[in-house]
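> Could you have a look at this structure, given as structure tokens, before my questions?
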Amino acid sequence: MIINNNKFVLINVLIIITAVTTFDKTFFLLSSTYIMVILLSVLIVNGVFKRSEELLYIKYREVPTLTFIFIILALLLVQLSYTRFQQLNIEFMKYFVIGLLTILVFKFLFVDNKKIVLFCKILIFSGFFISLFTLISHFLYLSVGIDTDFIRVFRSYNIPRGVGLYENPNYYALTHVLTVGIILGLSKLNQIKLNKFYLMIILVVSSDLILTFSRGALIALVAIFFLYLISNISQNKYTIKNLLYIVTTMLIVILVFYVLGPEFLQTIFYTQFLERLVDGFTRGSGRYDLWINGWYLYTNSIIHVVLGVGGNNFHMFSEYGITEAVHNSYLRYLYEMGIIGFLSMVTYIIYLIKRTVGRFFEILSPFFFPLIGVLIFAITNDIIYIYEFWILVACIIYWK
């Protein structure tokens, strides 16, 4: 089924809107249900269900993803027989149904690499404009006290953190990791030229990421830059020079703000950047204690060890001193999905990595850099199941 470019652009703008508004309460919709309705609508509009032979034809590169999704869904169904809160378990299933629908949608959209590149450009420009408006919102709030609503600034400890169209600054920062990683990946494989325009986008998006004060995202961003520099160290000195210029400029801007800026700006960078970064390595904002308590919960029953405590149920065991989510994608799979779910996830991640990079650090896909960023970010956040993850997965498995 061939889709013309105009229709392709419109469909992908709609898909990206569902991604960037996932946690936005402005729409008064449950995010997972909202996304499923949008994805099903896209499939119906394109007459996919009328062409069942295309829908049922499974390509070899789709098998690992479908296998992983069905294993997790099967585990979640089994958990309904013993999990503490079945409704939370069912809610968790929605994320993997979304993953399945996302793969089906992009199966018909990504007919070749040109379509994937076009989608990535739409994603990059969307991320750039949202970042730009968020930076302006920061400026207005810090300079004259004007508070925005749609492009809002979240105040954690009375300090503004950029959230774009999200409720959560960490998930908003993830979109920046993807944007920068995709730009560098497309440039690495000569799908775009890393000219001044794209360098400007990297500068704006990276600066906005810093103002989310998301430690995991910042570490992921630094890792992406480092890997990109390493991969180009003997090939393109001009690219390295430009990228180093971007990094240096950001550091100088931060230094100037800290040294010469008003006292409240110095307080912001000290309490939210330096203190939070140190706390992340020493205490993990209490997450280390949470992970330890989770281990006691996980090992108290052979059922928990094998099958997990139940999807989205981890935070419901207050008797173990657990009152919030795991904040670690790997431990979440282990604790909530047991050793079966954890090993399935690890095996699947290895498959994704092998599709993006070959032996001797040969970059095979433009999505190697964003994938590594996501995997690093997953150490401190629960993301290896959300909508943005499945979009990245679709890009990886359909890149030829």
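> Tally the residues that are farther than 13 Å from F225 by Cβ, surrounded by fewer than 24 Cβ atoms within 10 Å (Cβ to Cβ) and hydrophobic (A, V, I, L, M, F, W, C), restricting the search to the stretch 170-209.
Number satisfying all stated conditions: 7.
> Quick test of your reading of the structure: D149 fulfils all but one of (1) modelled with pLDDT under 80; (2) crowded, with 19+ Cβ neighbours inside 10 Å; (3) of a type in the set (D, E, K, R). Name the failing condition by number.
For D149, the exception is condition (2).
> Same structure again: Which residue out of F85, F92, F70, F108 is buried (at least 18 other Cβ atoms within 10 Å of the Cβ), modelled with pLDDT of 80 or more and on the phi < 0 side of the Ramachandran plot?
Going through F85, F92, F70, F108 in turn, just one is buried (at least 18 other Cβ atoms within 10 Å of the Cβ), modelled with pLDDT of 80 or more and on the phi < 0 side of the Ramachandran plot: F92.
> Starting from the stretch 340-352, keep only residues that are in contact (Cβ under 8 Å) with a residue 24 or more places away in the chain and among the aliphatic types (A, V, I, L, M), then list their pairs with residues that are part of a helix (DSSP H, G or I) and surrounded by fewer than 19 Cβ atoms within 10 Å (Cβ to Cβ) whose Cβ atoms are within a distance under 7 Å, requiring at least 6 positions of separation or different chains.
Pairs that qualify, where the first residue is in contact (Cβ under 8 Å) with a residue 24 or more places away in the chain and among the aliphatic types (A, V, I, L, M) and the partner is part of a helix (DSSP H, G or I) and surrounded by fewer than 19 Cβ atoms within 10 Å (Cβ to Cβ), are I340/V306; I349/L375.
> For the condition under 27 Å from Y172 (Cα atoms) and more than 20 Å from the chain's Cα centre (by Cα), what is the one hit in Y296, Y335, Y351, Y398?
The unique qualifying residue is Y335.
> If I filter the stretch 112-140 down to residues being assigned to a helix (DSSP H, G or I) and charged (D, E, K, R), which single residue comes out as nearest to I201 (Cα to Cα)?
In this case the residue turns out to be K121.
> Follow-up. Is it the case that K400 is free of Cβ contacts under 8 Å to residues at least 60 places away in the same chain and basic (K, R)?
Answer is no for this residue.
The values are calculated or read from the model by the stated rules, or taken from the named source; none is laboratory data. On a predicted model such as this, the values are computed, not experimentally measured, just so you know. Ideal geometry is used to build each Cβ from the backbone, glycine not excepted, and the neighbour counts take in all protein chains shown.
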